[in-house]
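Q: Have a look at this one before I ask anything.
The values are calculated or read from the model by the stated rules, or taken from the named source; none is laboratory data. None of the values given here were measured: they were computed from a predicted structure. Neighbour counts are summed over all protein chains in view; Cβ atoms, including those assigned to glycine, are modelled from backbone coordinates with ideal geometry. Just so you know, the surface numbers come from the protein's heavy atoms only, side chains and all, with ligands and any DNA or RNA stripped out. Shrake-Rupley method; radii C 1.70, N 1.55, O 1.52, S 1.80 Å.
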Amino acid sequence: AALAGVVEYRNVTFAYPGAESPVLSNISFTARPGQTIAIIGSTGAGKTSLLSLLPRLYDPAEGQVLLDGVPVDRLDRAEITRRVALVPQRPYLFSGTIGHNLRFGKTEATDQELWDALLVAQGESFVREKKNGLDSRISQGGTNVSGGQRQRLCIARALVTKPRVYLFDDSFSALDVATDARLRAALKRTTSDATVIIVAQRISTITEADQILVLDNGRIVDRGTHEELLETSPTYQEIVES
Ligand code: TTP
Ligand code: MG
């Protein structure tokens, strides 16, 4: 189907402009609708860089990134934005109301759609508790909300756009373990036919992923389910034990 949301990285190598050595080497994987693919690896391994190639923040030096079989450099950017939502590692809130911030990717969204997204993102109660609800002001950079609240608002913002593909870059790290678990369970229900790629630090966030990619120094060194990797991957075992 044309709008399925199949993501494929095919032998992707990438270096930042002006840099000598690549930060990603020969990356290949496929993520299909209904699947959750997790990416784990130490700081600087290239996780954020890997995600950035799908929405074309950068283009690879070699290889291809495909969305539903089409190389992303042949799609127009508006089309990519409609299909792919990236929740960045440092989620940004701008000065305006919570409603403005949530409607950033879909200006015509109704209040009900915003509340539905907040419910999934576990942000419903803290927004409801504010005197002005969706009309509450966010200060520049979102300094008047906590890190965990900011993450939940940015996840809700992505949900509002109802994309085919979700990219979560360490989006659950500021949440306590219980909220993280509730959020992911709710996410799984509402995004069950979407493609989900999660970068995570915490093992508990990704144990149920269909496939985990272990990234080390820009390469996928191991891949498999949590159980498989516990058996086969020394790098994964190290991360689990750390
Ligand atoms: P990242 O892709 O940012 O590594 P990461 O996301 O795995 O790390 P973390 O867990 O801390 O979020 O960086 C990989 C390499 O690329 C690293 O050496 C820094 C470099 N880099 C740049 O040169 N420019 C950039 O804009 C970014 C994001 C990274
Ligand atoms: Mg990162």
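Q: Considering only residues that are β-branched (Val, Ile, Thr) and within 16 Å of ligand 1 (Cβ to nearest atom), which ones fall in the range 170-180? First the steps, then the outcome.
A: The first filter runs over the range 170-180 and keeps only residues β-branched (Val, Ile, Thr), leaving 177, 179.
Selection gives nothing.
Q: Here are Leu183, Leu167, Leu153: which of them is open to solvent by less than 10 Å² (accessible area, probe 1.4 Å) and either in contact with an Asp or Glu (Cβ under 8 Å, 6 or more places away or on another chain) or within 16 Å of ligand 1 (Cβ to nearest atom) (or both)? Steps first, please.
A: Working: Leu183 fails: either in contact with an Asp or Glu (Cβ under 8 Å, 6 or more places away or on another chain) or within 16 Å of ligand 1 (Cβ to nearest atom) (or both); Leu153 fails: either in contact with an Asp or Glu (Cβ under 8 Å, 6 or more places away or on another chain) or within 16 Å of ligand 1 (Cβ to nearest atom) (or both).
After ruling out the rest, the residue left standing is Leu167.
Q: Now for a separate question. Please determine, by comparing only the residues of the range 81-100 that are open to solvent by less than 10 Å² (accessible area, probe 1.4 Å) and modelled with pLDDT under 95, which one is farthest from Thr30 (Cα to Cα).
A: Gly96
Q: Can you tell me which residue in the range 17-48 is farthest from ligand 2 (Cβ to nearest atom), limited to those that are without any contact (Cβ under 8 Å) to a residue 60 or more places away in the chain and open to solvent by less than 70 Å² (accessible area, probe 1.4 Å)?
A: That would be Thr30.
Q: Could you please let me know if Ser95 is out of contact with any helix residue (DSSP H, G or I) (no Cβ under 9 Å at 6 or more places or on another chain), over 24 Å from Arg189 (Cβ atoms) and among the polar types (S, T, N, Q)? Before you say what the answer is, go through the steps one by one.
A: On the way: out of contact with any helix residue (DSSP H, G or I) (no Cβ under 9 Å at 6 or more places or on another chain): no; over 24 Å from Arg189 (Cβ atoms): yes; among the polar types (S, T, N, Q): yes.
Spelling it out, it is not the case that Ser95 is out of contact with any helix residue (DSSP H, G or I) (no Cβ under 9 Å at 6 or more places or on another chain), over 24 Å from Arg189 (Cβ atoms) and among the polar types (S, T, N, Q).
Q: Which members of the range 117-150 meet the condition of being closer than 14 Å to Phe104 by Cβ and either among the β-branched types (Val, Ile, Thr) or surrounded by fewer than 16 Cβ atoms within 10 Å (Cβ to Cβ) (or both)?
A: Ile138
Q: Name the residues in the range 170-180 that are open to solvent by 40 Å² or more (accessible area, probe 1.4 Å), more than 27 Å from Arg32 (Cβ to Cβ) and in contact (Cβ under 8 Å) with a residue 24 or more places away in the chain, would you? Explain how you work it out, then say what you get.
A: Step one: of the range 170-180, the residues open to solvent by 40 Å² or more (accessible area, probe 1.4 Å) are 173-174, 176-178.
Those still in the list that are more than 27 Å from Arg32 (Cβ to Cβ) too: 174, 176-178.
Scanning the range 170-180 gives Ala174, Asp176, Val177.
Q: Tell me, which helices (runs of 4 or more DSSP H) wholly within the range 1-120 include 2 or more residues that are within 19 Å of the chain's Cα centre (by Cα) and within 16 Å of ligand 1 (Cβ to nearest atom)? Please lay out each step first, then the result.
A: Details: elements: 47-52, 77-83, 98-102, 111-120.
Helices (runs of 4 or more DSSP H) meeting the threshold: 47-52.
Q: Here's a follow-up. Could we say that Ser204 is within 18 Å of the chain's Cα centre (by Cα), open to solvent by 40 Å² or more (accessible area, probe 1.4 Å), over 23 Å from Leu24 (Cα atoms) and within 14 Å of ligand 1 (Cβ to nearest atom) here?
A: On the way: within 18 Å of the chain's Cα centre (by Cα): yes; open to solvent by 40 Å² or more (accessible area, probe 1.4 Å): yes; over 23 Å from Leu24 (Cα atoms): yes; within 14 Å of ligand 1 (Cβ to nearest atom): no.
Criteria not met by Ser204.
Q: For the range 58-73: of the residues being touching a strand residue (DSSP E or B) at 6+ places or on another chain (Cβ under 8 Å) and hydrophobic (A, V, I, L, M, F, W, C), which is most open to solvent (accessible area, probe 1.4 Å)?
A: Only one residue fits best here, namely Ala61.
Q: Considering (1) within 16 Å of ligand 2 (Cβ to nearest atom); (2) outside any helix (DSSP H, G or I); (3) of a type outside the set (Phe, Trp, Tyr), say which one Cys154 fails and leave the rest.
A: (2)
Q: Pairs needed: first member in the range 72-95, without any contact (Cβ under 8 Å) to a residue 60 or more places away in the chain and over 14 Å from Arg157 (Cα atoms); second member anywhere, open to solvent by 60 Å² or more (accessible area, probe 1.4 Å) and away from ligand 2 (no atom under 16 Å from the Cβ); C-beta distance under 8 Å; at least 6 residues apart or different chains.
A: From the range 72-95, the pairs are Asp73/Asp59; Ser95/Arg137; Ser95/Gln140.
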